[in-house]
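Asks: What follows is a structure written as structure tokens; I'll ask about it next.
Derivation of every value follows stated rules applied to the coordinates shown; laboratory data play no part. Here the structure is a predicted model, which means the values were calculated and not measured.
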Amino acid sequence: MATRTRSDMRKLRHERIRKHITGTTEVPRLAVFRSEKHISAQIIDDSTGRTLAAAGTTQKDLKGNANKVTARKVGETLGKRAKEAGVTKVVFDRGGYRYHGRVAELAEGARSAGLEF
């Protein structure tokens, strides 16, 4: 039997979470992806398969290290872009990551920009 890596285990956790969390047109899903160098998030309507808003540290206006400060800026930017797209309420999909550190800061930034979850 092959050994499972950390990323394999994260993917299994994410699949388990996604069984219960789906984004609708009224309440889309805020999905988070975190790597060692970057963090990104997008607001997705799963019923149509469309991304309504997105933000990440790979974008020109948010360049920087993926630390807590930058993660909060990504969350705030995503919240502003979501407001422009007419989204106020979302369901949070942490992507199999612990709700801790950069993921929690991104969520707090999105809340401070006016998103409800």
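Asks: Which lysines have a Cα less than 25 Å from the Cα of K19, not counting those fewer than 8 places away in the same chain?
Replies: Partners within reach: K11, K89.
Asks: Can you run the Rg to Rh ratio on the chain? Use alpha carbon positions and the Kirkwood inverse-distance Rh.
Replies: For the chain, the value is 0.98.
Asks: Further question: Using Cα pairs closer than 8 Å and at least 6 residues apart in sequence, work out the relative contact order for region 6-112, in percent.
Replies: For region 6-112, the relative contact order is 31 percent.
Asks: Of all DSSP beta bridges in the chain, what percent run antiparallel (nearest 5)?
Replies: Taking every DSSP beta bridge within the chain, about 75 percent pair in antiparallel fashion.
Asks: Shifting gears a bit: For region 57-67, just list the computed ³J(HN,Hα) in residue order, Karplus coefficients 6.51, -1.76 and 1.60, θ = phi - 60°, integers in Hz, with x standing in for Gly and Pro.
Replies: Taking θ as phi minus 60°, the curve returns 6, 7, 7, 4, 7, 10, 4, x, 5, 8, 9 Hz for region 57-67.
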